[in-house]
Amino acid sequence: MSEDIPRVLSIQSHVVHGYVGNKSAVFPLQVLGFEVDAINTVQFSTHTGYKHIKGNVLKNEEMEELIEGLILNEVDYYTHLITGYSRSPESLKQLAEIIKKLKQKNPQLIYVCDPVMGDNGKMYVPEDILPVYRDIVVPLADIITPNQFEAELMTGMPVKDLDGALKVIEALHQKGVKTVVLSSTELGDGDNIVAIASSKGEQYIIKMPKVDATFTGTGDLFAALFLAWSYKTNNNLKLTLERVIATLQNIVQDTYQKARVL
Ligand SMILES: Nc1ncnc2c1ncn2[C@@H]1O[C@H](COP(=O)(O)OP(=O)(O)O)[C@@H](O)[C@H]1O
Ligand SMILES: Cc1ncc(COP(=O)(O)O)c(C=O)c1O
């Protein structure tokens, strides 16, 4: 196995129809030059915004077995770990143990955590997930990419203006997270979305036009792209944020145009 190619373990959801979780993250990471191993925390027919949620959730013992297989076959060396959608506190607590195991194998492992809990003021995972992200999993992350709602949940602080956003970001840094990115906030006017990235005392803000639609899977894609561009720019925060947002804007605009045609 070449040690030069960055290797990502992506522990996220899988959906048969649509693009969220690993369906949003794996291909873009591969296109950007990463080897990606994927573990599906759930296998649903669609994302949970649909009326009927059908499929199954990976049991802890099944997760344990997959990790054991990687370790026994000595293919558990990763440069990066990325995690997203998880439905149970128990699976998240197990994830914390997995992170520690992978960091024992590679102490330089970069862990990117997208604390998927909800959006627009509404949680779409069980509420008892929140304290596990806040107190156990997020403190283990090198990079986190919450949206505004998820950042407010984890800090108990509102993002009403830029000062509020920077206070929330600082509170998340205080949990030990080196790079904190609010993937979207409502700090723009109604026509714009604002993203904020903060690391090592630097902060960058990008304002982008808001497309008149609601997208699902964009947060997972954001996290995957942020992982990739952080690596490819040698952690140049400004360049990383610019390239992530540029890619996402292309995708959401293109999706919107194509969707309107249907
Ligand atoms: N309606 C939208 N218009 C323009 N860009 C969007 C829109 N929704 C999402 N995005 C893009 O996707 C990124 C992540 O979106 P976000 O809503 O924060 O993710 P999630 O809530 O799924 O975690 C944003 O930074 C933005 O670039
Ligand atoms: C199964 C599943 N995975 C992931 C997500 C996260 O999507 P997003 O990237 O929009 O946060 C969702 C959101 O509904 C979901 O239902």
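Below is a table of values for the structure above.
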item: So G49, is it within 12 Å of ligand 2 (Cβ to nearest atom) and either assigned to a helix (DSSP H, G or I) or modelled with pLDDT under 95 (or both); result: yes
item: Subset of segment 1-24 (residues that are hydrophobic (A, V, I, L, M, F, W, C) and closer than 17 Å to L109 by Cβ); result: M1, I5, V8, L9, I11
item: Residue selected from segment 201-230 under the condition out of contact with any Leu (no Cβ under 8 Å at 6 or more places or on another chain) and among the β-branched types (V, I, T), by the criterion farthest from Y85 (Cα to Cα); result: V211
item: Extreme residue, farthest from ligand 2 (Cβ to nearest atom), among residues of segment 80-95 that are in a loop (DSSP other than H, G, I, E, B) and either crowded, with 20+ Cβ neighbours inside 10 Å or of a type in the set (D, E) (or both); result: S86
item: Filter pass, I136 being β-branched (V, I, T), more than 15 Å from ligand 2 (Cβ to nearest atom) and in a helix (DSSP H, G or I); result: yes
item: Condition met for N56 (surrounded by 12 or more Cβ atoms within 10 Å (Cβ to Cβ) and not acidic (D, E)); result: no
item: Candidates V194, V112, V132, V180 - the one that is modelled with pLDDT of 95 or more and over 29 Å from D254 (Cα atoms); result: V132
item: Unmet requirement for E152, which otherwise passes all of (1) surrounded by 15 or more Cβ atoms within 10 Å (Cβ to Cβ); (2) in contact (Cβ under 8 Å) with a residue 24 or more places away in the chain; (3) not in a loop (DSSP other than H, G, I, E, B); result: (2)
item: Among the candidates V42, V8, V36, residue that is part of a strand (DSSP E or B), under 24 Å from V132 (Cα atoms) and either at pLDDT below 95 or more than 15 Å from ligand 2 (Cβ to nearest atom) (or both); result: V8
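The values are calculated or read from the model by the stated rules, or taken from the named source; none is laboratory data. Given the structure is predicted, the values throughout are model-derived calculations rather than measurements. When we count neighbours, we look across all protein chains shown, and the Cβ atoms used for this are built from the backbone with ideal geometry, even at glycine.
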